[in-house]
Amino acid sequence: MKTHAQAVVIGGGVIGCSILYHLTKLGWTDVVLLERDELTSGSTWHAAANIHGLHDSTNISRLQHYTMTLYKDLEAETGQSCGVFQPGSLYLAQTEAREHQLRLQEAKARLYGMNFHEVSRDEAERLHPLVDFDGVRCIMYEPDGGNVDPSGVTAAYAAGARANGAQIHRFTPVMATEAQADGTWIVRTPKGDIATPWVINAAGLWGREVAALAGIRLPLQPTEHQYFVTETIAEIAALDRRLPSVADRDGEYYLRQEGQGLLVGAYERDVRLWAEKGTPLDFAHDLFPDDLERIEDNMMRAIDRVPAVGTAGIKRVINGPMIWSPDSNVLMGPVPEKPGYFVCGGIIPGFSQSGGMGLMVADWIVTGEMRYDMFAWDLARFGDWANDAFTKARVCDQYAHRFAIHFPGEERAAGRPLRQRPVYARQAALGAVFGLNAGWEHPVYFDADVADSAGFTRQPWWDVVGREARMLRAAAGIIDISNFAVYRVAGPGAEDWLNALFANRMPREAGRSCLTPLIGKRGGIAGDFTVTRLQSGEFRVIGSGLAERYHKRFFDAVPLPDGTLWESLTEALCGFNVAGPKARDVLAGLTDASLQTADFPFMRSAEIRVAGVACLALRVSFTGDLGWELHCAQEDQDALYAALIGAAASYGGGPVGSRALMALRLEKGYGSWSREYSPEYWPQEVGLARLCKTDKAFLNREALLAVLDEPARETLVMLALDEADCAASHADASGGEPIFHDGKGIGRITSGGYGYGVGMSLALGYVTADSVRPGDAVDVMVLGRPHRAVVLDKPPFDPEGARLRA
């Protein structure tokens, strides 16, 4: 066995072998995989191994499509059969919401050149004569859908990796992973030790235990999961072709042909967690006792849809473990606190995503960044706040609602409340309805009489959010911004360090602020921040709270000068945005500081007292209106909020939630991180090139210069949707909807909603460069159907910024 390797992959399931294979395809051939037992041990070997291409996430769809097309190429490359069957998949919609979801996916398939389209009932009955389509509103067909052989796919990845120079050692358990002073690792096994710059934990069911060897806790929890295979069904045996699989997600089961019978699996509501204290080390190719009574309701729905299931005998039952994250997406990425340690675990649709997942891991390790924005998979989306109780509650919820539609902006109650700020009780008394933001309970709107809900169409809270937005535009609103990430940088090297990190030049005078991009490894926008100089040698940095752990990787990439301190103040500080035309009046009665523009202009800051509370006040507002951000100590938050709410009421103002804030920033055309701003997009494509000062050195400057020399691939545009179309469908764009021009797909929406202050349905999105100009008409596929829209030349609210600077 080698004593040194470029990377060591731990875990010989389908994901570990895919990662190993893709590392070799990107040129890293001095790589090793260690498996404690036989390849496919754990969950891989017993998987149903269905494959499908479309997903609600555009980038996950891209990766699933890549995976589906990879398998036959992998067979040709290695000579190892992957057991690929692609008779197609039928997707059924029993509800209006499911129909909206499927029509959106059909529109995305048109945009990206994927094969997914509607079929008539007659055609569906020809494709699958055993299905009763009564009660089905809409049927989509994916010709490339099907299934693969789990062991065959794993063996093919392994064969391809070996042929490219990788080594695989079975029956080689990892006993320890030890970080070294130089940032490398030593992986210890009974057969010897391997020194490596990269440890890749792809240990599946044992991901938690392997992580613990390095002092890492992962929010993962296994469950039991069952499917059964019927005896031979005469109607199937008589056919000369294979039947398409059936995705009847409203029925909460999946069904496909297996041999000359059918395979039926279910995600039941009566969830069974397994191995809560840790996965047994002697578990390998094991299963649990059958418990079909648990999935009886799901089985009956499957029998109603495919009556042949009810008359066939059961040939075998598979009840095996799966391991889940709190949101059922993979946990992937370098652990920010452990350089050189990479995790890829908690994968549910493994055979639909194995190729794409292996490619993304290899991308990240070899080049330093993935080619797609996959923050939805990044383990940094969870922090220490995702404790065991939260993880178990969320996993139970995700499992039980595996086939439920996850709507845009949906809030789930499981595992909450988790973290609360001091102002929580006061906000609740004001009628706050809360969402989850980086573990914190955060108000989304204020009217407890209107229950929260989610959907593709306008929800009952739409009018509540509208009242809040219009109140702020007419008078004033108080917005909780304690979900922002806040950092302090202080010391003699603070300015130099910030200049070496960020693309913009840092403010030179105390009280001045700047907006700045953070540049990724490929020259894209990895983040956007507000930086304020408090005094000589001390700065306050404000960014996305959701991305705090993600951004730590970039902060750590630039060494701090001696005597200079960087620290997170996110938990220690809280903040409010006081915004609207009466914002100055609201604050004037609470502070002795002059807030007149001559004394306190836009993008300036000052340390002032508000209602007796020490605050850092910044003259900025994400609403695009006149406003100040106030940041105070957490222990002072409740007192400050009470004073602000009382003062605002005198001017016709009041509390405003995050949904109204998102609507207000849309009216101004402001981008948001992870929507408009991501590492996929270049500064010149998002309008941030002017904030990149290339005459100084900063993180990833060379990558930025390379992309700045290229013409923009896409352009960020603002659209106004036809109000008649939106009123008829009772819907606005929300994000992900394709954009078509003269019948040709040119882009997709990144953010959308209603601009209550301007009375317009609005959206931001990316379109192919030079494909449209202001005034051009386009179609936005809201609910998967064309809604007329026009490209705007400027934001409809305060385009010149007069209110912002008043």
Exercise for review: Taking Ala376 as the residue in question, decide whether it is in contact with a helix residue (DSSP H, G or I) (Cβ under 9 Å, 6 or more places away or on another chain), open to solvent by 30 Å² or more (accessible area, probe 1.4 Å) and outside any loop (DSSP other than H, G, I, E, B).
Suggested key: yes
Revision key, fill the gap. (1) in a loop (DSSP other than H, G, I, E, B); (2) open to solvent by 10 Å² or more (accessible area, probe 1.4 Å); (3) aliphatic (A, V, I, L, M) all hold for Leu243 apart from (2)
**Study point:** Search result, residues across the range 485-504 that are closer than 24 Å to Trp673 by Cα and touching a Leu at 6+ places or on another chain (Cβ under 9 Å)
**Key:** Ala485, Val486, Tyr487, Arg488, Val489, Trp497, Ala500, Leu501, Phe502, Ala503, Asn504
Review point. Among the residues of the range 614-634, is any among the acidic types (Asp, Glu), out of contact with any His (no Cβ under 9 Å at 6 or more places or on another chain) and open to solvent by 40 Å² or more (accessible area, probe 1.4 Å)?
Key: no
Check your understanding: With respect to Gln596, is the statement that it is in contact with a Pro (Cβ under 9 Å, 6 or more places away or on another chain) and farther than 25 Å from Val465 by Cβ true?
Key -> no
Point to revise | Flag for Arg137 being closer than 30 Å to Ser245 by Cα, touching an Asp or Glu at 6+ places or on another chain (Cβ under 7 Å), open to solvent by 60 Å² or more (accessible area, probe 1.4 Å) and in contact (Cβ under 8 Å) with a residue 12 or more places away in the chain | key: yes
Point to revise | Contacts under 6 angstrom Cβ, first residue in the range 205-216 being of a type outside the set (A, V, I, L, M), partner part of a helix (DSSP H, G or I) and open to solvent by less than 20 Å² (accessible area, probe 1.4 Å), 6 or more apart | key: none
Check your understanding: What is the residue count in the range 73-89 for residues that are open to solvent by less than 60 Å² (accessible area, probe 1.4 Å) and not hydrophobic (A, V, I, L, M, F, W, C)?
Key -> 7
Exercise for review: Would you confirm whether any residue within the range 174-195 is surrounded by fewer than 22 Cβ atoms within 10 Å (Cβ to Cβ), touching a Phe, Trp or Tyr at 6+ places or on another chain (Cβ under 8 Å) and acidic (Asp, Glu)?
Suggested key: yes
Check your understanding: open to solvent by less than 10 Å² (accessible area, probe 1.4 Å), over 30 Å from Thr3 (Cα atoms) and not aromatic (Phe, Trp, Tyr): does that describe Ala156?
Key -> no
Point to revise | Exclusive hit being within 30 Å of Asp290 (Cβ to Cβ), of a type in the set (Ser, Thr, Tyr) and out of contact with any Asp or Glu (no Cβ under 8 Å at 6 or more places or on another chain), set Tyr157, Tyr227 | key: Tyr227
Review point. Which residue, of Gly350, Gly356, Gly333, is closer than 28 Å to Arg272 by Cβ, among the small types (Gly, Ala, Ser), buried (at least 22 other Cβ atoms within 10 Å of the Cβ) and out of contact with any Cys (no Cβ under 7 Å at 6 or more places or on another chain)?
Key: Gly350
Review point. Residues in the range 94-125 that are among the acidic types (Asp, Glu), open to solvent by 60 Å² or more (accessible area, probe 1.4 Å) and either at pLDDT below 95 or within 27 Å of the chain's Cα centre (by Cα) (or both): how many?
Key: 1
Exercise for review: List every residue pair whose Cβ atoms sit under 8 Å apart, with the two residues 6 or more apart in sequence or on different chains, where the first one lies in the range 425-454 and is among the basic types (Lys, Arg) and the second, anywhere, is in a helix (DSSP H, G or I) and surrounded by 21 or more Cβ atoms within 10 Å (Cβ to Cβ).
Suggested key: Arg426/Tyr641
**Study point:** Residues located in the range 651-667, provided they are surrounded by fewer than 24 Cβ atoms within 10 Å (Cβ to Cβ) and more than 22 Å from Pro796 (Cβ to Cβ)
**Key:** Tyr651, Gly652, Gly654
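Okay, residues lined up against (1) touching a strand residue (DSSP E or B) at 6+ places or on another chain (Cβ under 7 Å); (2) hydrophobic (A, V, I, L, M, F, W, C):
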| site | (1), (2) |
| --- | --- |
| Ile236 | yes, yes |
| Arg242 | yes, no |
| Glu258 | yes, no |
| Val264 | yes, yes |
| Arg269 | no, no |
| Trp274 | yes, yes |
Point to revise | Spans of strands (runs of 3 or more DSSP E) in the range 412-486 with at least 3 residues within 30 Å of Ala97 (Cα to Cα) and modelled with pLDDT of 95 or more | key: 432-437, 440-446
Review point. In the range 404-416, what count of residues is obtained for those that are open to solvent by 30 Å² or more (accessible area, probe 1.4 Å) and within 18 Å of the chain's Cα centre (by Cα)?
Key: 8
Practice item. Sort through Gly310, Gly320, Gly333, Gly265 and tell me the only one that's small (Gly, Ala, Ser), without any contact (Cβ under 8 Å) to a residue 40 or more places away in the chain and not in a loop (DSSP other than H, G, I, E, B). Key: Gly310
Exercise for review: Give the range 681-696 a look and list any residue that's closer than 28 Å to Leu560 by Cβ, within 24 Å of the chain's Cα centre (by Cα) and part of a helix (DSSP H, G or I), or say none.
Suggested key: Pro683
Practice item. Under 9 Å between Cβ atoms, at least 6 apart or on separate chains: pull out the pairs that start in the range 97-108 with a residue that is more than 18 Å from Phe740 (Cβ to Cβ) and end on any residue that is of a type in the set (S, T, N, Q) and crowded, with 23+ Cβ neighbours inside 10 Å. Key: none
Point to revise | Condition broken by Leu501, with the remaining ones in (1) in contact with a helix residue (DSSP H, G or I) (Cβ under 9 Å, 6 or more places away or on another chain); (2) under 30 Å from Gly409 (Cα atoms); (3) open to solvent by less than 30 Å² (accessible area, probe 1.4 Å) satisfied | key: (2)
Check your understanding: Any chance the range 574-597 includes a residue that's touching a residue at least 60 places away in the same chain (Cβ under 8 Å) and over 27 Å from Gly624 (Cα atoms)?
Key -> no
Practice item. Kindly indicate whether Leu699 is open to solvent by 20 Å² or more (accessible area, probe 1.4 Å), touching a helix residue (DSSP H, G or I) at 6+ places or on another chain (Cβ under 8 Å) and part of a loop (DSSP other than H, G, I, E, B). Key: yes
Revision key, fill the gap. By residue number, the members of the range 749-776 that are over 28 Å from the mean Cα position of the chain (by Cα) and hydroxyl-bearing (Ser, Thr, Tyr) are Ser771
Review point. Do we find a residue being farther than 30 Å from Leu54 by Cβ, in contact with a strand residue (DSSP E or B) (Cβ under 9 Å, 6 or more places away or on another chain) and in contact (Cβ under 8 Å) with a residue 40 or more places away in the chain anywhere in the range 396-413?
Key: no
Exercise for review: Please work out which one of (1) out of contact with any helix residue (DSSP H, G or I) (no Cβ under 8 Å at 6 or more places or on another chain); (2) in a strand (DSSP E or B); (3) open to solvent by 10 Å² or more (accessible area, probe 1.4 Å) is the condition Leu515 fails and give its number.
Suggested key: (1)
Practice item. Filter the range 12-43 down to residues that are modelled with pLDDT under 95 and open to solvent by less than 20 Å² (accessible area, probe 1.4 Å), then give me how many there are. Key: 3
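The values are calculated or read from the model by the stated rules, or taken from the named source; none is laboratory data. Remember, predicted model here, so these are calculated numbers, not experimental data. Virtual Cβ from ideal backbone geometry, glycine too; neighbours counted across all protein chains shown. For the accessible areas, the whole protein counts, side chains as well, though only heavy atoms, and no ligand, DNA or RNA atoms are used. Shrake-Rupley method; radii C 1.70, N 1.55, O 1.52, S 1.80 Å.
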